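This report refers to the structure that appears directly beneath it.
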Amino acid sequence: MSDDEQWYFRISDKAVVQGKDAGAMDRMGPYPDRETAERALEIAAERNKTADDADRDWS
């Protein structure tokens, strides 16, 4: 799948777009489909929690 076919979450306006139309600092992704890209912030929060829990367990 090319970059133009993948989905991204544009941080500045919370838009879900197909293809890299925003700069690297303003996008999250790529995601395989629109529905997953719409959950970008939720996915990031889940990953952060998992990493924080792992750090806490390691200490």
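The values are calculated or read from the model by the stated rules, or taken from the named source; none is laboratory data. The structure displayed is predicted, hence computed values, not measured ones. Cβ placement follows ideal geometry from the backbone for every residue including glycine, while neighbour counts extend to all protein chains displayed. Ligands, DNA and RNA are excluded from the accessible area calculation, which covers all protein heavy atoms including side chains. Shrake-Rupley method; radii C 1.70, N 1.55, O 1.52, S 1.80 Å.
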State yes or no: is LYS14 at pLDDT 95 or above and either among the hydrophobic types (A, V, I, L, M, F, W, C) or over 13 Å from the mean Cα position of the chain (by Cα) (or both)? no
Which of the residues that make up the stretch 14-30 are assigned to a loop (DSSP other than H, G, I, E, B), under 17 Å from ALA44 (Cβ atoms) and open to solvent by 60 Å² or more (accessible area, probe 1.4 Å)? LYS14
Can you spot a residue in the stretch 1-10 that is out of contact with any strand residue (DSSP E or B) (no Cβ under 9 Å at 6 or more places or on another chain) and modelled with pLDDT under 95? yes
Any residue that is surrounded by fewer than 13 Cβ atoms within 10 Å (Cβ to Cβ), among the polar types (S, T, N, Q) and more than 10 Å from the chain's Cα centre (by Cα) - is there at least one of those in the stretch 38-56? yes
